[in-house]
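Engineer: Quick one: structure below, then a few questions.
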Amino acid sequence: MNAFTRYSHETLVGTEIRQREDPPVSSAILSVVAGERVPGPARSTASTNPANTADVVGEIGLAGPEVLVQAARVAREAQLGWSALPAPQRGQVIANVGRLMTANKARLAALVTREIGKPLAEALGEVQEIIDTCDFFLGEGRRLYGQTVPSEMPDKQLFTFRRPVGTVVVISAGNFPVAVPSWYIVPALLCGNTVVWKPATYSAVVSDAFYQLFAHAGVPAGVLNVVHADGPDTFTGLEQALQAGLVDKVGFTGSSEVGRRIGELCGRHLQSPCLELGGKNPMVVTENADLELAVEGALFSGFGTAGQRCTSLGTVIVQESVHADFVELFGAAVAAARMGDPTQDVLFGPLLDEKFAAGFEKSLGWIAGHHRVIGSTGRVTADNPRSGFVGDPAAGLFYHPVIVAGVRPDDELFLHETFGPVVGVTTYSTLDEAIALGNKPGYGLSSSIYTTDPRQAFQFAQGISAGMVSVNNSTSGAEAHLPFGGNGKSGNGSRQSGIWVLDQFTRWQSLNWDYSGKLQKAQLDTATVEADFDFRLP
Ligand code: UN1
């Protein structure tokens, strides 16, 4: 049986795939290659609930580098057949993914909350983001438009086609354990690529559920493979798979530091990865801004998801005439915010896991003598309590939200991402100065301005080097069908989401077809339209 018949319409949307046996259930979450669980993991690790670290969500069997290579080989073999399936039929599979995500929305969101501590309302929004992504791309299966282009010669036609890139390795973070992977996996599959996905180990149980929903939606074995591995083994496996010519595209969401290494590795193989990295996202508050609205935006941008979004607010840059009022209102809003148990109605819960808590503690060390700290800092404990805390702070990795006023452009806190609940505040006098401050850290993911003057809004958008600009809205919370990505240290110019991500997962092929019956040479045999003028020499 060749690959094409294996993925025929009947096998995909008929009963065969939907009712196929699940891979045998193991006590540990294992990698899945060619639809089979990979036995004999090299090592194992536990994924725990960060809001209640005694709650083990799952044991994860970690694979060695060879499993990533094997998964890439399997993906390579499956790719021809998958891409031969007409795109509208691949779109039907994506439609099924969306249906299964909708049917499992509450359970999947509850699992996200349990495994990474994101408040339930946000977790539901995150699953909705997958559904929105499926909604968009199921229709793209009936578009994937190419163009017809006029030829400079008679009896000749020119066309463009989008072709899949081939096999894609997706390496994703766990702060958006399902939405962000869907931004890669859904369009990659729709465009006719096959995928090896390496999710974060601290969100592996969620990623296994996500995989199961794809498999049961009709994504054939081998078309989507999942490898659970630690960072060094992933890097080694990726290097070997690239070396063996088994990978055509890498998508990575994570830190700028790791992104730089992945970019270097891909560059050595003449590949340009899709990189979605860190941010130090500025919010400018002008003298005419609605301050209450700005405070609401700063609270959600800075402390939503405990500041652990790549789009989280880094520094508020406030016009000096409204600085004192803004800081007072912002301080009061942060003091009143509900934090704690993420299954309850809270603004934010714990940090994602121990590694993130340790990283955040390090960035709290950037607070310097000239800063004015508003609120408590550090872990919420019996000795360092937070009034109104929801639940038991001792159970999890909970940190105080903190505002640091008086940050200066050379401060570490001004320049570097913290990935936790701290927001810096500084002042400016002219808008040009505010823009220069916003650009200073050298990231360029998202940005925001609160103003009632349209001129200021457009001046800011023009001057700020950011992939995303919000006017009177949060730095975070981008909609799922606008281009998402950053400049500078936030990425390499790649964009995800909407039609823009198609350029990551397809390559343009141009085709010229000459039916004149003779060799017509471009430029040489082309009739020219003459004009008569001799330019003059001095
Ligand atoms: C991320 O943190 O990697 O715009 C992605 C937002 C979310 C996605 C964040 N929709 O904040």
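The values are calculated or read from the model by the stated rules, or taken from the named source; none is laboratory data. Owing to the predicted nature of the structure, the values given are computational and were not obtained by experimental measurement. Cβ atoms come from the backbone with ideal geometry, glycine included; neighbour counts cover every protein chain shown. Keep in mind that these areas ignore ligands, DNA and RNA; they rest on the heavy atoms of the full protein, side chains included. Shrake-Rupley method; radii C 1.70, N 1.55, O 1.52, S 1.80 Å.
Engineer: Take the conditions in contact with a strand residue (DSSP E or B) (Cβ under 6 Å, 6 or more places away or on another chain) and either assigned to a helix (DSSP H, G or I) or more than 15 Å from the ligand (Cβ to nearest atom) (or both) and apply them to GLU122. Does it pass?
Structural biologist: Working: in contact with a strand residue (DSSP E or B) (Cβ under 6 Å, 6 or more places away or on another chain): no; either assigned to a helix (DSSP H, G or I) or more than 15 Å from the ligand (Cβ to nearest atom) (or both): yes.
So GLU122 fails the test.
Engineer: Taking SER516 and the conditions (1) open to solvent by 30 Å² or more (accessible area, probe 1.4 Å); (2) away from the ligand (no atom under 13 Å from the Cβ); (3) part of a loop (DSSP other than H, G, I, E, B); (4) under 26 Å from GLY141 (Cβ atoms), which numbered condition does it fall short on, given that it satisfies the others?
Structural biologist: Failed condition: (4).
Engineer: Looking at (1) outside any helix (DSSP H, G or I); (2) closer than 24 Å to VAL250 by Cβ; (3) modelled with pLDDT of 95 or more; (4) within 16 Å of the ligand (Cβ to nearest atom), can you tell me which one ARG507 breaks?
Structural biologist: For ARG507, the exception is condition (4).
Engineer: Is it true that GLY391 is more than 21 Å from ALA294 (Cβ to Cβ), surrounded by fewer than 23 Cβ atoms within 10 Å (Cβ to Cβ) and away from the ligand (no atom under 16 Å from the Cβ)?
Structural biologist: Criteria met by GLY391.
Engineer: Right, something else. If ALA173 passes every condition in (1) within 20 Å of the chain's Cα centre (by Cα); (2) assigned to a helix (DSSP H, G or I); (3) of a type in the set (Gly, Ala, Ser) but one, which one does it miss?
Structural biologist: Among (1) within 20 Å of the chain's Cα centre (by Cα); (2) assigned to a helix (DSSP H, G or I); (3) of a type in the set (Gly, Ala, Ser), the lone unmet condition for ALA173 is (2).
Engineer: For segment 356-363, check the following and say yes or no: at least one residue is surrounded by fewer than 16 Cβ atoms within 10 Å (Cβ to Cβ), among the charged types (D, E, K, R) and away from the ligand (no atom under 16 Å from the Cβ).
Structural biologist: Among the residues of segment 356-363, at least one is surrounded by fewer than 16 Cβ atoms within 10 Å (Cβ to Cβ), among the charged types (D, E, K, R) and away from the ligand (no atom under 16 Å from the Cβ), which makes the answer yes.
Engineer: Continuing with this model, one more query. Determine whether SER465 is within 24 Å of the chain's Cα centre (by Cα), assigned by TED's automatic domain parsing to the domain that holds CYS310 and surrounded by 15 or more Cβ atoms within 10 Å (Cβ to Cβ). First the steps, then the outcome.
Structural biologist: On the way: within 24 Å of the chain's Cα centre (by Cα): yes; assigned by TED's automatic domain parsing to the domain that holds CYS310: yes; surrounded by 15 or more Cβ atoms within 10 Å (Cβ to Cβ): yes.
Yes, satisfied.
Engineer: Of the conditions (1) surrounded by 24 or more Cβ atoms within 10 Å (Cβ to Cβ); (2) more than 18 Å from ILE499 (Cα to Cα), PRO187 fails just one. Which one is it?
Structural biologist: (2)
Engineer: Show the residue pairs that are 6+ apart or on different chains and have beta-carbon atoms under 6 Å apart, the first residue being within segment 465-476 and more than 14 Å from SER494 (Cα to Cα), the second being in a strand (DSSP E or B) and near the ligand (Cβ under 10 Å from one of its atoms).
Structural biologist: Matching pairs, first to second residue: THR475/ASN281; THR475/SER446.
Engineer: I need the full set of residues from segment 214-267 which are open to solvent by less than 40 Å² (accessible area, probe 1.4 Å), of a type in the set (A, V, I, L, M) and in a loop (DSSP other than H, G, I, E, B), in order please.
Structural biologist: Result: VAL219, ALA221, VAL223, VAL227, ALA229, LEU246, VAL247.
Engineer: Residues to consider are PHE458, PHE398, PHE414; find the one that is among the aromatic types (Phe, Trp, Tyr), more than 22 Å from VAL285 (Cα to Cα) and out of contact with any Cys (no Cβ under 6 Å at 6 or more places or on another chain).
Structural biologist: The match here is PHE398.
Engineer: I'd like to check something: does segment 277-297 contain any residue that is at pLDDT 95 or above, among the hydroxyl-bearing types (Ser, Thr, Tyr) and either assigned by TED's automatic domain parsing to the domain that holds TRP183 or within 17 Å of VAL196 (Cα to Cα) (or both)? Even if it seems obvious, please write down each step before you answer.
Structural biologist: Pass one, segment 277-297, residues at pLDDT 95 or above: 277-297.
Within this subset, residues satisfying the condition of being among the hydroxyl-bearing types (Ser, Thr, Tyr) are 286.
With the extra rule that they be either assigned by TED's automatic domain parsing to the domain that holds TRP183 or within 17 Å of VAL196 (Cα to Cα) (or both), the set shrinks to none.
There is no residue in segment 277-297 that is at pLDDT 95 or above, among the hydroxyl-bearing types (Ser, Thr, Tyr) and either assigned by TED's automatic domain parsing to the domain that holds TRP183 or within 17 Å of VAL196 (Cα to Cα) (or both).
Engineer: For TYR450, state whether it is in contact with a Ser or Thr (Cβ under 6 Å, 6 or more places away or on another chain), buried (at least 23 other Cβ atoms within 10 Å of the Cβ) and in the same structural domain as PRO409 (by TED's automatic domain parsing).
Structural biologist: Answer is no for this residue.
Engineer: What are the pairs with Cβ atoms under 8 angstrom where one residue, in segment 393-422, is without any contact (Cβ under 8 Å) to a residue 24 or more places away in the chain and the other, located anywhere, is assigned to a loop (DSSP other than H, G, I, E, B)? Sequence gap at least six, or different chains.
Structural biologist: ALA394/THR381; ALA394/ALA382
Engineer: Still on this structure, please answer the following. Would it be correct to say that LEU138 is away from the ligand (no atom under 16 Å from the Cβ), touching a residue at least 12 places away in the same chain (Cβ under 8 Å), open to solvent by 60 Å² or more (accessible area, probe 1.4 Å) and in a helix (DSSP H, G or I)?
Structural biologist: So LEU138 passes the test.
Engineer: Take segment 336-354 and flag every residue that is small (Gly, Ala, Ser) and either closer than 17 Å to PHE414 by Cα or open to solvent by less than 60 Å² (accessible area, probe 1.4 Å) (or both).
Structural biologist: ALA337, GLY340, GLY349
Engineer: Give the residues of segment 176-201 that are more than 16 Å from the ligand (Cβ to nearest atom), closer than 18 Å to LEU275 by Cβ and not in a helix (DSSP H, G or I), sorted by residue number.
Structural biologist: ASN193, VAL195, VAL196 - these are the residues of segment 176-201 that are more than 16 Å from the ligand (Cβ to nearest atom), closer than 18 Å to LEU275 by Cβ and not in a helix (DSSP H, G or I).
Engineer: Right, something else. Among GLY498, GLY477, GLY488, which is the only one that is in contact with a Gly (Cβ under 7 Å, 6 or more places away or on another chain) and surrounded by 11 or more Cβ atoms within 10 Å (Cβ to Cβ)?
Structural biologist: Result of the check over GLY498, GLY477, GLY488: GLY488.
Engineer: Let me ask something additional. Could you tell me which of the residues MET153, MET101 is under 13 Å from ALA209 (Cα atoms) and either in the same structural domain as VAL206 (by TED's automatic domain parsing) or part of a helix (DSSP H, G or I) (or both)?
Structural biologist: Among MET153, MET101, only MET101 is under 13 Å from ALA209 (Cα atoms) and either in the same structural domain as VAL206 (by TED's automatic domain parsing) or part of a helix (DSSP H, G or I) (or both).
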